[in-house]
Amino acid sequence: MTLYSYPITIKKEDGQYYAYSDDLPGVYGLGKTLEGAKRSMLKGMRLYIQHCRKTRKRVPASRIVYSETVTLALD
């Protein structure tokens, strides 16, 4: 079994959640909840990677080395 790790971003737009990864262009997930968008994204990622493997295309590596959410306080 091969493990693949990718950061995903989930945004709320027009009442639904939209998930994507900068490392997998064209792969996205939609859902009415955060979890729904995440599940949809994971399904899309699986399909994308399976297609790459089946067609012998390179599976993209994650380009993110480090990611963090920071909070700034300004007066």
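What follows is calculated from the coordinates using simple rules that are stated; it is not laboratory data. Computed from a predicted structure; not experimentally measured. Here Cβ is always computed from backbone atoms with ideal geometry, including for glycine, and neighbour counts include all displayed protein chains.
In order along the stretch 18-35, the phi-based Karplus estimate (6.51 cos²θ - 1.76 cosθ + 1.60, θ = phi - 60°) of 3J(HN,Hα) comes to 10, 10, 7, 9, 5, 7, 10, x, x, 9, 8, x, 10, x, 7, 10, 4, 4 Hz; Gly and Pro are listed as x.
The structure shown yields Cα Rg over 2.2 N^0.38 Å, and of the options (i) 1.29; (ii) 2.50; (iii) 2.78 that calculated value carries the label (i). Over the chain, dividing the summed -39,500 (n - 2.57) contributions of all DSSP H runs of at least 4 residues by the number of residues returns a 222 nm mean residue ellipticity of -9500 deg cm²/dmol.
The lysines within cross-link reach of residue 54, meaning a Cα-to-Cα straight distance under 20 Å and a gap of 8 or more places when in the same chain, are 43. Assuming charge only on the beta carbon of Lys and Arg (+1) and of Asp and Glu (-1), the dipole of the chain about its Cα centre is about 720 debye to the nearest 20.
Which values of log₁₀ I(q)/I(0), to two decimal places, follow from the Debye formula for the stretch 32-75 at q = 0.16, 0.19, 0.34 Å⁻¹ with a uniform point scatterer at every Cα? Listed by q, the Debye log ratios stand at -0.69, -0.81, -1.05.
Which ordering of 13, 68 is given by a fewest-first count of other beta-carbon atoms within 10 Å? Numbers along the way, then the final one.
On the way: 13 8, 68 4.
If I rank by nearby Cβ atoms, fewest first, I get 68, 13.
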